[in-house]
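To start, the structure under review is shown below, and the notes come after it.
The values are calculated or read from the model by the stated rules, or taken from the named source; none is laboratory data. Keep in mind it's a predicted model, so treat the numbers as computed, not measured. A quick note on method: Cβ atoms are made from the backbone with ideal geometry, for glycine too, and the neighbour counts reach across all protein chains shown. Keep in mind that these areas ignore ligands, DNA and RNA; they rest on the heavy atoms of the full protein, side chains included. Shrake-Rupley method; radii C 1.70, N 1.55, O 1.52, S 1.80 Å.
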Amino acid sequence: MPTLTFENNDRMPALGLGTWKSGPGEVYKAVREAIRIGYRHFDCAARYENEDEIGSALADAMAEGEVKREDLWITSKLWNNAHHRDHVVPALRESLEKLQLDYLDLYLIHWPVALKPEVIFPSKADEFLSLEEVPLLETWQGMEDCLIQDLARHIGVSNFSVKKLRGLLRESRFKPEMNQVESHPYLQQDELLSFCHQNDIHFTAYSPLGSMDRPSRLKKDEEPILLENKVIVNIAESHGCTPAQVLIGWALQRGTSVIPKSTNPKRLRENFAAASIKLTDADMEAIAGLNHHYRFIHGEFWTPEGSPYTIATLWDE
Ligand code: A2P
């Protein structure tokens, strides 16, 4: 299994299990099965509302001697309604309690978007706080508190642009060590990836398979289906593997971490086996040609009329 090495020599398994959209009643079984298959990296978030079930699965697997805490890499994320500095450590403690852990390996700011503390998901413009009211640097100082208090070994961000990363790099005491963003052949994010690598920030690709099970999915005939793309399907056939394995193998081969989600035992196994796929230079070149900056996750839920956020200021593009 390829790993990403952090400055203190901690190593994160590059392939992790995504748990966004893994529902109650299925995520416990998925995590137990994943551990048996060999997954050691689990990507979680308070907002996925399933950390308690994941925590039970991790605790049971450890109690039964299947895995040790030090062999696991657990990531979680700060939700948008806890961006005030004083709210960050308590939010992390809540995730830790649900996950039944003493520390996280990695804690991320989920979005560069702030909500009022009482709002879980916004339905109107007055439920937001602007970045003038709660600057990202203030939230970041809360993340640094997590590090100082040994509640998280590493801290980072998610859905951050080059511009927002630059701001943090300039002003922070401890720099972000990870940026987790949407990335797949339709949204390769070359510029962001090379900026991250130049600045020793690791990169995790979310929605690597196109997140067909996401709630905000457009009608089927309106959006491209990544897993059915002809170039991907042909490469899969030439290697005797599946399209999902090509997508995962591609992400790993670019030096990124990747977190495909599945709750299906057969697909969990299939996705894990993608770590041994070796794509040729010609395959990589053909996949490079598929990039057309297409987002599956547009972020339109942060930009209702009157919101302090717009699509342009969200992605800085
Ligand atoms: P399931 O959980 O039933 O396996 P993403 O990681 O991009 O968010 O995509 C997750 C979606 O892709 C889920 O609908 C998941 O369904 C599906 N999926 C996961 N692994 C595979 C695979 N190997 N082949 C096809 N679909 C997959």
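With the checklist (1) within 16 Å of the ligand (Cβ to nearest atom); (2) within 15 Å of Ile232 (Cβ to Cβ) in hand, flag the one item Met284 doesn't pass.
Every condition holds for Met284 apart from (1).
Checking Glu118 against (1) without any contact (Cβ under 8 Å) to a residue 40 or more places away in the chain; (2) open to solvent by less than 70 Å² (accessible area, probe 1.4 Å), which single condition isn't satisfied?
Of (1) without any contact (Cβ under 8 Å) to a residue 40 or more places away in the chain; (2) open to solvent by less than 70 Å² (accessible area, probe 1.4 Å), only one is false for Glu118: (2).
For every residue, the table says whether it meets (1) farther than 21 Å from Gly23 by Cα; (2) under 21 Å from the mean Cα position of the chain (by Cα); (3) within 16 Å of the ligand (Cβ to nearest atom).
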{"residue": "Gln253", "(1), (2), (3)": "yes, yes, no"}
{"residue": "Ser257", "(1), (2), (3)": "yes, yes, yes"}
{"residue": "Leu268", "(1), (2), (3)": "no, yes, yes"}
{"residue": "Lys278", "(1), (2), (3)": "yes, no, no"}
{"residue": "Ile297", "(1), (2), (3)": "no, yes, yes"}
{"residue": "Pro308", "(1), (2), (3)": "yes, no, no"}
{"residue": "Thr313", "(1), (2), (3)": "yes, yes, no"}
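What's the number of the only condition in (1) surrounded by 23 or more Cβ atoms within 10 Å (Cβ to Cβ); (2) over 17 Å from the mean Cα position of the chain (by Cα); (3) of a type in the set (S, T, N, Q) that Asn8 fails to meet?
So Asn8 meets the others, but not (1).
Of all residues being farther than 30 Å from Ala57 by Cα, of a type outside the set (S, T, N, Q) and not in a helix (DSSP H, G or I) in segment 260-295, which is most open to solvent (accessible area, probe 1.4 Å)? Just the residue, please. Full working, then the answer.
Residues of segment 260-295 that are farther than 30 Å from Ala57 by Cα, as a first pass: 278-295.
Adding the requirement that they be of a type outside the set (S, T, N, Q) leaves 278-279, 281-290, 292-295.
From what's left, not in a helix (DSSP H, G or I): 278-279, 289-290, 292-295.
Details: Lys278: 146, Leu279: 13, Gly289: 65, Leu290: 25, His292: 99, His293: 97, Tyr294: 43, Arg295: 24 Å².
Checked segment 260-295; the qualifying residue most open to solvent (accessible area, probe 1.4 Å) is Lys278.
Go through Gly23, Gly16 for me and flag whichever is surrounded by 17 or more Cβ atoms within 10 Å (Cβ to Cβ) and either within 16 Å of the ligand (Cβ to nearest atom) or over 18 Å from Val258 (Cβ atoms) (or both).
On the way: Gly23 fails: surrounded by 17 or more Cβ atoms within 10 Å (Cβ to Cβ).
It is Gly16.
Applying the selection to segment 70-119, what residues are under 25 Å from Ile311 (Cβ atoms) and of a type in the set (A, V, I, L, M, F, W, C)?
Leu78, Trp79, Ala82, Leu108, Ile109, Trp111, Val113, Ala114, Leu115, Val119
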